[in-house]
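Have a look at the structure below, then the notes.
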Amino acid sequence: MDKRELILQATLELVTDNGFHATPMSMISKKAKVAAGTIYHHFENKEVLLEALYAESKKKMGRAMQLATVSGENYETDFKSIWISLFIFYADNNKTFQFLEQYAQSPFI
């Protein structure tokens, strides 16, 4: 995992455990085991970091939904398949689910 990914993963874990405001950049750098300056090399500020984490999380969610078996012939079956894929993704990625819900309910969105 490269440093950018380490930072995003640390942010995901800390924000879901502590919330947005109780997760300073210093805590993120410590958890990611990178220098504080390294975070600012990849992200201009905390808001940009959170936006990047949100975008990455949504991309992962979208990829999981694309794995659904969709025939285009039976909309009910296709609909269920997409939602089952989404459920499995969230069951396997609980922190991502928590983060996306926190972010959606925050002023950041």
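The values are calculated or read from the model by the stated rules, or taken from the named source; none is laboratory data. The shown structure was predicted, so the numbers you read here are calculated from the model rather than taken from an experiment. Here the Cβ positions follow ideal geometry from the backbone for every residue, glycine too, while neighbour counts run over all protein chains shown. Note: accessible area is taken over every heavy atom of the protein model, side chains too, but ligands, DNA and RNA are not part of it. Shrake-Rupley method; radii C 1.70, N 1.55, O 1.52, S 1.80 Å.
Among the residues of region 70-86, is any of a type in the set (A, V, I, L, M) and modelled with pLDDT under 90?
yes
Out of the helices (runs of 4 or more DSSP H) lying entirely within region 1-70, which hold 1 or more residues that are among the β-branched types (Val, Ile, Thr) and touching a residue at least 40 places away in the same chain (Cβ under 8 Å)?
Passing ranges, in order: 3-18.
Could you tell me which of the residues ALA22, ALA36 is within 24 Å of PRO107 (Cβ to Cβ) and over 17 Å from the mean Cα position of the chain (by Cα)?
From the options ALA22, ALA36, the qualifying one is ALA22.
Could you count how many residues in region 19-34 are open to solvent by 60 Å² or more (accessible area, probe 1.4 Å), touching a helix residue (DSSP H, G or I) at 6+ places or on another chain (Cβ under 8 Å) and farther than 17 Å from GLU5 by Cα?
Of the residues in region 19-34, 0 are open to solvent by 60 Å² or more (accessible area, probe 1.4 Å), touching a helix residue (DSSP H, G or I) at 6+ places or on another chain (Cβ under 8 Å) and farther than 17 Å from GLU5 by Cα.
Please go through (1) touching a Phe, Trp or Tyr at 6+ places or on another chain (Cβ under 6 Å); (2) more than 19 Å from MET1 (Cβ to Cβ) for GLU101 and return the number of the only condition it doesn't satisfy.
That leaves (1) as the condition not met.
Report, by residue number, each residue of region 60-87 that is open to solvent by 90 Å² or more (accessible area, probe 1.4 Å) and under 29 Å from THR11 (Cα atoms).
ARG63, GLN66, LEU67, TRP83, ILE84, PHE87
For region 93-109, enumerate the residues that are part of a loop (DSSP other than H, G, I, E, B) and at pLDDT below 95.
GLN105, SER106, PRO107, PHE108, ILE109
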